[in-house]
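Here it is: the structure, laid out below.
The values are calculated or read from the model by the stated rules, or taken from the named source; none is laboratory data. All values derive from a computational prediction rather than experimental measurement. FYI the Cβ positions are ideal-geometry reconstructions off the backbone, even for glycines, and counts take in every protein chain you see.
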Amino acid sequence: MCLQLFGCVQGALVPDSQSVSGGPAAADGKGADRLYKLSPGDSISVSVYGEKDLSGTFNINGDGAVSFPLIGIVRLENLNAYEAQLLLEQKLKEGYLRDPSVSVEIMDYRPFSVLGEVNSAGNYKFSEGLVVADAIALAGGFTYRAQRDQFEVLRRSESGWQRVFIGVGDSVYPGDVLYVRERLF
């Protein structure tokens, strides 16, 4: 089973198993696609038409929020890019701008991790279309002890972290923790 990540303009589409917290939940592949939810570690570009001082790139902090000019701390976790845009417009209307026009675009997704039997375990920058084989290559390839056909992935879901098993051609998502097990001799 292989899920794919789609698009990135004004809110990326992700599989129906996308959790409220931003990472795909169980990899069951059922249902329609829905928009990617922002989560700590993501980076967004916010443009406020005609207000250069209010436009820029913002990182979603560990609390799921950004510090935005004029309005202060704004919690964006669990919102898609369109919902974040509407919230920022609403906050700017509350005594700051008459009719703000805001656009929000996801610039960088939160990193994913590769652990276990790879040469360079660590966190890596996510890019769209990433599959397990790409993640292993970024992590310096397999060690000689690595199991090479099935991989354990921890993904955050609405109910917490879930463990799924995927193959070398399956998709990796933002925030995934990919674990390469030692093969049994």
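Regarding Ser159, is this residue loosely packed, with under 13 Cβ neighbours inside 10 Å and within 25 Å of Ser39 (Cβ to Cβ)?
Judged against the criteria, Ser159 is a match.
Here is a follow-up. For the structure I just gave you, tell me whether Ile166 is touching a helix residue (DSSP H, G or I) at 6+ places or on another chain (Cβ under 9 Å) and of a type outside the set (Lys, Arg).
On the way: touching a helix residue (DSSP H, G or I) at 6+ places or on another chain (Cβ under 9 Å): yes; of a type outside the set (Lys, Arg): yes.
Yes; evaluated as a whole, the condition is true for this residue.
Quickly run through segment 58-82 and pick out the residues that are under 20 Å from Tyr124 (Cβ atoms) and at pLDDT 95 or above.
Across segment 58-82, the qualifying residues are Asn59, Ile60.
A quick yes/no check of all residues on (1) of a type in the set (A, V, I, L, M); (2) over 19 Å from Thr57 (Cα atoms):
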{"position": "Leu97", "(1), (2)": "yes, yes"}
{"position": "Pro100", "(1), (2)": "no, no"}
{"position": "Ser103", "(1), (2)": "no, no"}
{"position": "Ile106", "(1), (2)": "yes, no"}
{"position": "Val114", "(1), (2)": "yes, yes"}
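Then there's this: Return the residue satisfying two criteria in turn: it lies in segment 151-163 and is at pLDDT below 95 and out of contact with any Asp or Glu (no Cβ under 7 Å at 6 or more places or on another chain), and of such residues it is nearest to Leu184 (Cα to Cα).
Here the answer is Gln162.
Another question about this same structure. Suppose we keep only residues that are acidic (Asp, Glu) and within 25 Å of the chain's Cα centre (by Cα) within segment 88-119. Which one would you say is surrounded by the most Cβ atoms within 10 Å (Cβ to Cβ)?
Checking each candidate, the answer is Glu117.
Let me ask something else about it. Taking the residues in segment 166-185 that are among the aromatic types (Phe, Trp, Tyr) and surrounded by 12 or more Cβ atoms within 10 Å (Cβ to Cβ) as candidates, determine which candidate is modelled with the lowest pLDDT.
The qualifying residue modelled with the lowest pLDDT is Tyr173.
What number of residues within segment 33-69 are free of Cβ contacts under 8 Å to residues at least 12 places away in the same chain and not assigned by TED's automatic domain parsing to the domain that holds Ser101?
Of the residues in segment 33-69, 0 are free of Cβ contacts under 8 Å to residues at least 12 places away in the same chain and not assigned by TED's automatic domain parsing to the domain that holds Ser101.
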